[in-house]
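FYI, it's all coordinate maths here, none of it is from the lab. The model shown is predicted, which means the values in this text are computed figures rather than measured ones. Cβ atoms come from the backbone with ideal geometry, glycine included; neighbour counts cover every protein chain shown.
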Amino acid sequence: MRVVITGAAGFIGSHLSETLLDRGHSVIGIDNLLTGDRENVAHLRDRDFQLIIHDVTRYIDVAGPVDLVLHWASPASPIDYLELPIPTLKVGALGTHNALGLAKAKGARFVLASTSEVYGDPLEHPQKETYWGNVNPIGPRGVYDEAKRFAEAITVAYHRHHGLDAKIIRIFNTYGPRMRIHDGRAVPTFIGQALRGEDVTIFGDGSQTRSFCYVTDLVEGILRLADSNTNDPVNVGNPHEMSIAEIAQTIIRMTGSSSQLVFKPLPTDDPKVRRPDITRAREILGWEPKVPLEEGLTTTIAYFRTKI
């Protein structure tokens with residue numbers, strides 16, 4: 001296949017690019033490097049990979065045939081929402097519109113990277129794809145939550161109105177090499193603090209939960225969804241739920257750090273719980289996560305040691 005990936009120089013986009021190349025496909029990456037990094041795809045430059053520096057909120061055109069469009073462009077961390085609220089909204093709306101337009105023009109399949117954040121601070125637990133969510137549209141996280149909810153709505157509209165073969169993946173917390181160490185998400189923040197021997201910062205009392213999925217498991221789920229016949233949203237994540245305090249303590253132990261936990265106020269609208277119901281992924285895609293947490297953390301910690 002000839003595949004276009006928006007956000008290809010980002011954390012997940014770079015792993016997607018690498019895996020598709022390993023499977024014999026041609027990849028055209030599009031990224032404006034707002035939160036992506038050329039270094040993430042530098043090792044791909046001698047392969048059938050092209051990186052185009054372009055802002056997807058502007059018209060997208062790619063010469064030649066395209067079989068699959070993977071729309072992964074978006075800031076995706078709490079720090080980004082605060083520093084880049086308008087670009088976050090624009091890439092969810094204009095960027096998704098332009099990526100869908102490319103897929104429609106080329107007759108390509110389309111996969112949208114959505115997020116568990118469409119569920120907001122959920123009143124249903126675990127979260128099924130049928131749950132509509134509990135989102136504050138005017139809160140600080142609303143710029144990301146609502147950008148992704150709009151992205152889902154326009155993707156479904158293109159499927160229903162234009163007959164586009166469009167798919168939606170709802171991604172739950174993912175971790176692994178090539179995350180940005182200062183992006184504000186739990187795993188890279190805790191690893192960075194632990195490796196530097198600093199206090200590990202917990203927001204709230206640490207009882208809020210997350211479910212962490214290693215990036216290679218996520219990529220496998222994405223590509224299975226791309227090959228599937230479903231056009232309904234599918235949760236892809238690890239249903240093993242643990243508290244933020246537990247993941248912090250695990251990272252301190254695995255890094256051999258002497259760091260202590262320190263507690264700060266919980267940010268506005270921070271979800272209290274997060275765990276995917278992956279029944280649909282199991283039944284439709286034959287997918288479930290394989291990489292145990294400590295195995296994934298070992299690789300991730302080794303990566304961050306090279307960055308600190």
Paramagnetic label zone (point 7 Å from Cα along Cα-to-C-beta, Val262; backbone N under 17 Å) in segment 173-194: 184, 189-194
Can you show me the helix-derived [θ] at 222 nm for the chain, built from DSSP H runs with n ≥ 4 at -39,500 (n - 2.57) apiece and divided by the number of residues, rounded to the nearest 500. -10500 deg cm²/dmol
Give me the distance between the Cα centres of segment 103-143 and segment 26-66, rounded to whole Å. 25 Å
Amide H contacts of Gly120 (H built 1.01 Å from N, under 5 Å, at least 5 apart or other chain): Asn134
Taking the Cα atoms of segment 3-118, what is the range of coordinates along each of the three principal axes, in descending order and whole Å? 38, 31, 25
Over the chain, what lengths in whole Å, largest first, do the semi-axes of the equivalent ellipsoid take, defined as the square roots of 5 times the eigenvalues of the alpha-carbon gyration tensor? 30, 22, 18
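Can you work out D for segment 3-43 in µm² s⁻¹ from Stokes-Einstein, where Rh is the Kirkwood radius over C-alpha pairs, the temperature is 20 °C and the viscosity is 1.002 mPa s? Display every interim value, and only then the final one.
On the way: Rh = 9.8 Å.
For these conditions, the coefficient is 218 µm²/s.
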If I fit a long axis through the Cα atoms of helix 293-305 and take the longest principal axis of the Cα atoms of the chain, what angle between them do I get, 0 to 90°, rounded to 10? 90 degrees
Rg followed by Dmax, in Å, when segment 71-209 is reduced to its Cα trace: 16.7, 55
Fraction in percent of alpha-carbon pairs per bin - 5 Å, segment 217-262: 5, 17, 18, 12, 11, 11, 11, 9, 5, 2
Nearest 10, in degrees from 0 to 90: the angle of helix 11-22 to the longest Cα principal axis of the chain is 50 degrees
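If you restrict to DSSP beta bridges whose two residues both lie in the chain, what percentage is antiparallel, to the nearest 5?
10 percent
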Enter the mean projected area of the convex hull around the alpha-carbon atoms of segment 260-308, in nm², rounded to one decimal. 6.4 nm²
Segment 169-308: Cα Rg divided by the 2.2 N^0.38 Å rule of thumb: 1.09
Cα-based helix-to-principal-axis angle, 142-162 vs the chain, degrees rounded to 10: 30 degrees
Which value results for Rg/Rh of segment 143-187 when Rg is the Cα radius of gyration and Rh the Kirkwood radius based on the inverse mean 1/r? 1.14
Evaluate Rg over Rh across segment 20-63, taking Cα atoms for both radii and Kirkwood's formula for Rh. 0.98
Extension reserve of the Thr130-Ala105 stretch, reckoned as 0.36 nm per residue once the Cα distance is removed: 5.9 nm
What is the gain in length, in nm to one decimal, between Phe203 and Thr298 on full extension, counting 0.36 nm per residue of separation less the C-alpha to C-alpha distance? 31.8 nm
How much length would be gained if the chain were fully extended between Asn231 and Ile53, taking 0.36 nm per residue of separation minus their Cα-Cα distance, in nm to one decimal? 61.1 nm
Whose amide H sits under 5 Å from the amide H of Ile52, counting only residues 5 or more places off or on another chain, with H placed in the peptide plane? Gly29, Ile30, Asp31
Compute the semi-axes of the equivalent ellipsoid of segment 148-217, taking the square root of 5 times each eigenvalue of the Cα gyration tensor, and list them largest first in whole Å. 35, 14, 10
